[in-house]
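What follows is a single structure, written as structure tokens, with notes after it.
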């Protein structure tokens, strides 16, 4: 059992979820309730990581985060470290890769709030900002929590993109899924088996937690 | 000091000088115009303490007008003044957001906040200038005002339709609005509750000294609750007036149809008799004497109407007053009793006109009215209302030209089924 890999995975997933909470809310909230030309295009871009092979995504990330890219060289001259094959690069890759898992439930949750309820809030004197905090956010809570839980679980299990962008550096980029792959490669079946089981149980718990929470929430709100 | 007349007599100025409440500018004054995407041609006003009902078929723009007042919809051009403040003036670039308009809106489906309990739903609309406990106290006051004390901790999904409606009303009032807007507030409530709610709403809102605008497609509701009723069609305000006035004296056949005037017939002005204070009409062979209507020439094609309740039944037991005015005889071929009112459709055999007569049930019973019986009634002269000719349903310009209906000897469309 590679506990370093496990804790690295937890750290990466936690950081990804933290970033995605902000990014996902921004994207979902600005897409919800609006009709504008090109909306489908933006939705398609957000959903793209769902269907794109991780290797393709990883390749382009390497291209854009690499030492020869403007972003990569800027970060390297600032910090003295490369973006690729580092935790930072891995975080950027994970955020992009898990974006649809965060945005889609959040977007759905926002769009399921009736327009009349938001208008009632404005007519009760609530500013757009207080309407967001006091009405939209609580009503979209279930979607936001599912989005976070799903992107957490998805990041815990991601493999292809990590391998492409992060490589296999212990305590820096070697996550659980990479470690499992490693163990299988070196015929350490017992270790691979125990790590797989932990990941399986963990994912199952997260997903069933999401379902339970959604059911309880909608029961309370909609009767 | 010498008073300059003119200047001081201006009520607004005088009121401002005296620090009094300015009565002239406290109500709602509204003009809207646009052609697309929803056509609007609206001119309305409503004084404080009065209830204005907007009626019209669905899609006539009633709700859009309410949304314009609340600031949820911006018309192409318009001017809205309420409580002495300009809320919208497209010419001057003024368009206050809903948050600062102080309009209390009760939504058609109530739009309560599902995640907040009843008290929180109301509290959220209370002026944030109050302290937390002050707001809670206010919310409870409003809850008591709508007779819902004790339900403050309940969530909206546990309430009945009528209770939800009253929470929505309390929330709208909690804002201490300058105008109350009710968008079909009784449509999502069952029949029995609806009647009770209407009475309660009437009581609750009568004490308020603000204009109230009610949107409804229910004419009965409008005539029961409204001081002024305004008929809308395709976004245009056609006629405003007291409900009775609209039913008795619609300005056009369109208004007459929209307020469901059932006795509406085409006719021709036979004679103008100002000396006798009468206008005589010829209608499918019937000669009808109406009160004098100036403005029409002999030979003009017109429409005339009479409320179903203004046709006077000739009692079969003893003669009653007024039977000499425009007597008509016909056979009852339909008899319906709803809520104490008996509605009879009487086919007048000589003219083939169908009149709808409304009578209290006890009168109908005492006279033993049955389908197939011959009865006599009078068209009371003062209740006959004449309006200008309009081609029926946008069709032929004159009845003679109508090709889809057979004509009788008088040239009018045959009304027989």
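Values as computed for the structure displayed
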item: Hull-based mean projected area of the range B:262-391, where the convex hull spans the alpha carbons, in square nanometres; result: 8.0
item: Per-residue average of Cβ from other chains inside 10 Å of A:106-117; result: 2
item: Helix axis angle, B:191-206 relative to chain B longest principal axis, alpha carbon, degrees; result: 60
item: All-pairs Cα distance distribution in the range B:24-248, expressed in whole percent, bin size 5 Å; result: 1, 7, 15, 19, 20, 17, 11, 7, 3, 0, 0
item: For the range A:1-94: relative contact order, % (alpha-carbon pairs under 8 angstrom, 6 or more apart); result: 23
item: Among beta bridges that DSSP assigns inside the range B:179-311, antiparallel share in %, nearest 5; result: 85
item: GNM result for chain B, Cα springs below 10 Å: residue of B:361, B:269, B:192 fluctuating most strongly; result: B:192
item: Expected-Rg normalisation [2.2 N^0.38 Å, Cα atoms] applied to the protein assembly as shown; result: 1.40
item: Descending Cα extents along the principal axes, the range A:128-208, whole Å; result: 57, 27, 18
item: Label-to-label distance, nm, for residues given as residue B:109 and residue B:224 (7 Å Cα→Cβ offset); result: 2.5
item: Contact order relative to length of chain A, as percent, for alpha carbon pairs under 8 angstrom and 6 or more apart; result: 30
item: Two-site label geometry, residue B:199 and residue A:171: point separation in nm, points 7 Å out along Cα→Cβ; result: 8.2
item: Relative contact order of chain B, defined on C-alpha pairs under 8 angstrom at six or more residues apart (%); result: 14
item: C-alpha long axis of helix A:3-31 to longest principal axis of chain A, angle in °; result: 30
item: Per-selection metrics, the range A:114-167 (Cα): Rg and Dmax in Å; result: 18.1, 54
item: Between the range B:23-76 and the range B:252-274, the Cα center-to-center distance that results, in Å; result: 28
item: As computed over the range B:197-303, the Cα convex hull volume per residue (Å³); result: 143
item: Chain A: angle of helix A:141-157 to the longest principal axis, Cα-based, in degrees nearest 10; result: 10
item: Translational diffusion coefficient (Stokes-Einstein; Kirkwood radius from C-alpha pairs) of chain B at 25 °C, 0.890 mPa s, in µm²/s; result: 99
item: Of all DSSP beta bridges in the protein assembly as shown, antiparallel share, percent nearest 5; result: 80
item: Residue B:191 versus residue A:35: modelled label distance in nm, points set 7 Å from Cα along the beta carbon direction; result: 3.7
item: Per-pair calculated FRET efficiency, R0 = 30 Å: residue A:45 and residue A:200 via Cβ, rounded to 0.05; result: 0.40
item: DSSP beta bridges in the range B:24-248 [antiparallel fraction, %, rounded to 5]; result: 55
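Read-outs throughout are calculated quantities, based only on the coordinates presented, and are distinct from any laboratory measurement. Just so you know, these numbers come straight off a predicted model, no measurement behind them. Ideal geometry is used to build each Cβ from the backbone, glycine not excepted, and the neighbour counts take in all protein chains shown.
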